[in-house]
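Worksheet for the structure shown next.
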Amino acid sequence: MSFRTLLVFLMIVGVPVARAAEPQAEAAPFIAEASAPVAPGDGLRAFVAARRAMEFGFPGIAAELYARLLEAPQAVGADRNTLVLSLVSALLDDGRTPEATQALQRYFGMPNAAYHLRAGLIAVRNRKPDVARAEIAALRVDDLVAADRGWFYFLQGQVADAAGDFSKARDAYQQAAAAAVSDFQRVHFVLAREKARLSLGDASEAQVTLLRQNADRYQGRNVGYAYARQYAVGLAALGRTDEAVNYLNVQLGSLPAGEQVAGDDFRLLLGLVDGARNPAGRKALEELLAGAADPDLQRVALQLLARSAAEGGYLPGFLVTLEKLSALASAHPILEDILLVRAQLALTGNSQEQQHYVQAELAAKELLAKFPGSPLKPAALGVLASAAWEQLRYRTAADYAMQARVLLPAGGLRASLGVLVAEAYFRAGDFRSAADAYAETLNDIPEGLSPGLLMAQRVRAEIEGKRFDEAQVLLDTFERDPRFDVINRWQSEWTLSRELQVSDRTADAFARVNRLMSSTGPEARVLTPDLRVRLAWLQARLALDAGMPEKTLEFAKDLTAKLEGLDAKLHDEVEASTRLLQAKANFQLDRPEPALALLESLRKDFAKTDAAVYSYIDEADYYAGKNNFVDAQARLIKLADMLKQSDMLADKSKQQDYATYALYRAALYAERRGEDKYYKEAYTILEGINKDYPQSSRVFAARLKQGDLLRRLNQFGPAQQVYEFLVNNYAQYPKQVLSAEMALAACHRAQAGPSDVSHFESAVTIFERIQELPIASVDMRVEASFQLGDLYATRAKSDDLTRARDAWWTLATTFLLDDNQAAQLGVQGRYWTARALLRLGDLYAQQQKLEEARNAYELVLRKNLPFAKLARESFIRVGGKP
């Protein structure tokens, strides 16, 4: 099926974590690719989504998801046979018997009761009743899970039907209905029974002729109606569908007014034979939905029409029909079901317009309001959760999912909802709640889902929440739990080590990876070669970050010997990245000759790898470290030209990103050469980004830097135009635009003079706005407050000095003396706060307010701010005691 998943808690495609705009030279590409399997959440969501799709009547979706999971290198930590049997169930329910037969062949090992059940269902579909009987005999109903037991009795009914033992078949179907775990499954048995009778129809021309004769002979009697239905089935079996449809329409037209049950049977058969997408079939099912005597038949019609409407293009019209049925003065017998289906279908539109969510939420909330004790309440809450999820309101989705979970008995659905509550918190960024929710899922694990996967997700939540110590304790605890499988454990270790490295806890990461790599236990021996190689590379990288380049070279040498047998693409990327590490280590050891030789060989042997790109960046960094900005700039310009003129990488978007990065860094090196002509050269280099890569995310940074260069050249008018362009054209990035606004204010300040107060007032307006702006960082607000006071102080008028004093003191009380705000001060914020207090003290000293001056200087000392030496000298100068 191609339509969006209808119901509760179904998977939304993983949103990648935002990364910095500039590619990091030290992040080798194969390391980045490794992040996908390390994050098990997407596979987990697919697993749970497939279960939900089956439970709520969308087997096509379920089949697609199960097939995708089985094709994954590791089946989301679930038992692979469980996935195979689930796929078979979905394919059978979707009427794809040949594919189900092939799927069952993927089962490995001794067949269990669930296997025999599905093999029997396939056999009866393939008209092999003897095989089906043998499969029934091979299993005990008590060995089946509750959701499968109804299908056991249903299979018995199908076998009896095929043998012509209709009395036994009726009893078996009744047992199936009694064993159903929900109203939905019971109705599903009714529909499956009728479909099975159609598919099992095996008629000859002679038999069809006899059935027609009997139908005519007993016309108007119950037995005649039965023969008439069998005749229509026989016509359909012979491929004479149009005749069957016409015959059923004639029968409906000739029925006496009181024969509603017979009419309902004819309408259901007509809907099945003609299909809900065709006019006659759809009309019959709509009549059945509107007025059938049996509510279960109305539910069958509703299900058939809903599936077809979602797939067949007449969804808006069917939703109008359901709205009319919902609004009847006398409540419809299955109003609860109609409201639920209305809510479900409202989420199946091809677009994500707000009106679809509103319609879904209104229908679901109407069901909850009118039927507070309805057994469909969990499903209605599921629709609300799904609508919230698709609108990225994950906390709301978690709340609805928890409400639904409370209403359900212990079992697979309740357990699955626990997983989805955890996933919703994870998506919301509430990693603490996500970790707690994952912990709870380990006490109630959905069937077929690996505990190791949930344990890995719990660790991942702690890592994403930057609770690295808690993550380490968890991993050490889980290490002793046999449920924590090797792959999930080592991937979790990998993720933790990488995040520790990124968070400047290199020593912790290095120690952890060293312990892992020195492990000789059985779990180490079954580790996949690719993951072992990734960890070995990380070990070498961490040694370099820890200041042990000799150790890096040692690890790199061992790593090179482990590459045999790897996938060719991964082999090349690992070897290329390892050479890059070796070059970095040699640079650290001040051995430039072997380092440069390694970079040259890397470009020659692995020219189309990311590592080859990084080699130019590393070489430029080496020259820049020697203050040789000419050669550093030249290497980056050469790289940018190569990326522009050739297909250096397969990924064109990545190639363009590297090109803009090289140009930007080259401009910075030109700027560092410190003369006007080089400022102009840097400006021209940056213009290459704007001209050749206008869609690049780095255009904003390039233009902002151009404005700064123009200010260096004292060209404040053109600089002002650059900043105003950024402010006016990048409003969709408000936080980034704030940097341009701060620069624009500085530009106005530089142009302010006695004869032109407009620039002064413009600068004041910008600084005043940013110091109060909640979306601005605390550090930026502090800088704006300092600059505002400094701007007033430069005019040296009494009123302006008062304003300067007020701006600086407000800065101190708002951002330094408030503990919550002070905790958010970064290096820049503390710098500007110290400068403000020093200027405030100087201002009071000039006004002979020595006590106030001492208080200002003392704050710098008491809060351990920068410029402590200057503050102490000033404090003593105005009479303070050391």
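The values are calculated or read from the model by the stated rules, or taken from the named source; none is laboratory data. Quantities reported herein were computed from a predicted structural model and do not represent experimental measurements. Cβ placement follows ideal geometry from the backbone for every residue including glycine, while neighbour counts extend to all protein chains displayed. Please note that ligands, DNA and RNA were not included when accessible areas were found on the heavy atoms of the full protein model with its side chains. Shrake-Rupley method; radii C 1.70, N 1.55, O 1.52, S 1.80 Å.
What the chain shows is 45 Å² of accessible area per residue, with the surface traced by a 1.4 Å probe over protein heavy atoms.
Phi-derived couplings, Karplus 6.51 cos²θ - 1.76 cosθ + 1.60 at θ = phi - 60°, listed residue by residue for the range 296-302: 5, 5, 5, 5, 4, 4, 4 Hz, with x used for Gly and Pro.
When only C-alpha pairs under 8 Å and at least 6 residues apart count, what is the relative contact order of the range 737-882, in percent? Each step should come with its number before you reach the end.
Details: 170 pairs, mean separation 21.5, N = 146.
Once divided by the residue count of the range 737-882, the mean separation gives 15 percent.
Placing unit charges on each Cβ (+1 for Lys and Arg, -1 for Asp and Glu) gives the chain a dipole about its Cα centre, and among Ala134, Trp490, Ile637 the Cα reaching farthest toward its positive end belongs to Ile637.
What FRET efficiency, computed as 1/(1 + (r/R0)^6) with R0 = 45 Å and r the Cβ-Cβ distance, is obtained for Glu724 and Lys626, rounded to the nearest 0.05? Mind showing how you got there, number by number?
On the way: r = 39 Å, r/R0 = 0.88.
After rounding, the FRET efficiency stands at 0.70.
Using a Förster distance of 30 angstrom, determine the FRET efficiency expected from the C-beta separation of Ala206 and Thr97, and round it to 0.05. Don't skip to the answer; put the middle values down first.
Details: r = 27 Å, r/R0 = 0.92.
The pair Ala206/Thr97 has a calculated efficiency of 0.65.
Extending 7 Å from Cα along the Cβ direction at Arg68 and again at Gln732 yields two label points whose distance is 2.6 nm. Taking the 0 to 90 degree range and rounding to the nearest ten, how far is the long axis of helix 850-862 tilted relative to the main principal axis of the chain, both from C-alpha atoms? Roughly 50 degrees between the two axes. Computed from Cα positions, the angle between helix 431-441 and the longest principal axis of the chain comes to roughly 30 degrees. Annotation: aspartates and glutamates with alpha-carbon distance below 16 angstrom to Lys569 (same-chain offsets under eight excluded): Glu33, Asp530, Asp605, Asp610, Asp651.
The candidate values were [x] 1.09; [y] 1.12; [z] 0.98; the one computed from these coordinates for Rg/Rh (Cα atoms, Kirkwood Rh) carries the label [x]. To the nearest 10 degrees, how steep is helix 59-71 against the longest Cα principal axis of the chain, on a 0 to 90 scale? Rounded to the nearest ten degrees, it is 60. Model label points for Ala507 and Thr684, set 7 angstrom from Cα along the Cα-to-Cβ axis, are 4.9 nm apart. Under 15 Å of direct C-alpha separation, and excluding same-chain neighbours fewer than eight residues apart, Lys881 reaches these aspartates and glutamates: Glu851, Glu852, Glu858, Glu873. When the C-alpha to C-alpha distance is required to be over 20 Å, the pairs from Lys557/Lys608; Lys128/Lys168; Lys466/Lys735; Lys626/Lys691; Lys638/Lys691; Lys584/Lys626 that qualify are Lys557/Lys608; Lys466/Lys735; Lys626/Lys691.
For the chain, the share of accessible area belonging to carbon and sulfur comes to 50 percent (1.4 Å probe, ligands and nucleic acids excluded). Of the residues Ile617, Ile487, the one with the largest accessible area comes first in the ranking Ile487, Ile617, computed with a 1.4 Å probe on protein heavy atoms.
Given a Förster distance of 51 Å, report the FRET efficiency between Glu259 and Ala410 from their Cβ-Cβ distance, rounded to the nearest 0.05. Between Glu259 and Ala410 the formula returns 0.65.
Between Ala796 and Leu442, the simple label model (points 7 Å from Cα in the Cβ direction) yields a spacing of 7.0 nm.
Counting alpha carbon pairs within less than 8 Å and at least 6 residues apart, what relative contact order, in whole percent, applies to the chain?
Values: 1165 pairs, mean separation 58.0, N = 882.
That works out to 7 percent.
Here the gap between Ser739 and Ala823, fully extended at 0.36 nm per residue and compared with their Cα-Cα distance, gives a gain of 28.0 nm.
Just how large is the dipole of the range 221-374 about the Cα centre, in debye to the nearest 20, putting +1 at every Lys and Arg Cβ and -1 at every Asp and Glu Cβ? Please list the in-between numbers first.
Values: 13 positive and 17 negative charges, 23 e Å.
The dipole magnitude comes to about 100 debye.
Reducing the range 296-329 and the range 142-160 to their Cα centroids gives an inter-centroid distance of 30 Å.
Loop sites only, by DSSP: take the GluC sites (Glu not before Pro) in the chain that have at most 14 other C-beta atoms within 10 Å and name the longest stretch containing none of them. Working shown, then result.
Details: sites that count: Glu353, Glu479, Glu564, Glu675, Glu772.
The answer is 1-352.
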